[in-house]
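K.L.:
The structure under discussion is supplied below as structure tokens; questions concerning it will follow.
Only the coordinates and a few stated rules stand behind these numbers; no lab work does. Since this is a predicted model, take the numbers as computed values, not measurements. So basically every Cβ, Gly included, is an ideal-geometry build from the backbone, and we count neighbours across all protein chains shown.
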Amino acid sequence: MNERLNAQDAERALGDHAHDKGLAIQAAYGPRLSWESLLSLLDDRECVRYPCKIQFDSTQLQAGEFAYPQPLGDRPEDGFVIQVHEHFENRKDDVPALVLYQLVAVNYGKFASDSDAERFGAAALGMEVDAYYDYICRLADEIQ
């Protein structure tokens, strides 16, 4: 039972850390994260642990995926390319929400959950989690 509680505590701590990091992004970059601010955010090692760049290319995505953080090497320190579906290439106002969802995997690796990504993105954009989730789902539905 103690082991289970420790795992739950660890999951909760990761989620809380992701939420707090999202709030820090909101404080530093504002609740309406622009395309230009997103590019600056990707260079901010206080908020994004490893180097990232964005590429609009769905050939690396699985069916139904809107984005994916593709590792550039065997180590996270090698960086990532956030592959974003080209459907959004001319929709720069929507791209920050899509990329924020992926940054949790960049920052926390395989330990991050969908719930952590939702809390992180919502906090960074100054939204309620349910509203952020609905927004992401509406965007994802556009490429189905």
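K.L.:
Could you list Val129, Val106 in order of exposure, starting from the residue whose Cβ has the fewest other Cβ atoms within 10 Å? Provide the component values of the computation, followed by the final result.
P.N.:
On the way: Val129 15, Val106 21.
Ranking Val129, Val106 by Cβ neighbours within 10 Å, fewest first, gives Val129, Val106.
K.L.:
Compute the Kirkwood hydrodynamic radius of the chain, taking the inverse of the mean of 1/r over all pairs of distinct Cα atoms, and give it in Å to one decimal.
P.N.:
Here the Kirkwood hydrodynamic radius works out to 15.4 Å.
K.L.:
Between 0 and 90 degrees, rounded to the nearest ten: what's the tilt of helix 129-141 against the longest Cα principal axis of the chain?
P.N.:
40
K.L.:
Turning to a different aspect of this structure: When DSSP beta bridges are limited to those with both residues in the chain, what percentage is antiparallel, rounded to the nearest 5?
P.N.:
50
K.L.:
Shifting gears a bit: As I understand it, the value is the acute angle between the Cα axis of helix 95-108 and the longest principal axis of the Cα atoms of the chain; what does it come to in degrees, rounded to 10?
P.N.:
The answer is roughly 40 degrees.
K.L.:
What are the equivalent ellipsoid semi-axes of the stretch 5-72, built from the alpha-carbon gyration tensor (square roots of five times its eigenvalues), in whole angstrom, biggest first?
P.N.:
The three semi-axes for the stretch 5-72 are 24, 20, 11 Å.
K.L.:
With a cut-off of 8 Å between alpha carbons and a minimum separation of six or more residues, what is the relative contact order of the chain in percent?
P.N.:
28
K.L.:
Right, another one. Helix 2-29 versus the longest principal axis of the chain: what angle, 0 to 90°, nearest 10, using Cα atoms?
P.N.:
Long axis of 2-29 versus the principal axis of the chain: about 40 degrees.
K.L.:
Something else: Using only the Cα atoms of the stretch 49-109, what do you get for the radius of gyration and for Dmax, in Å?
P.N.:
Values for the stretch 49-109 (Cα only, Rg and Dmax): 11.0, 32 Å.
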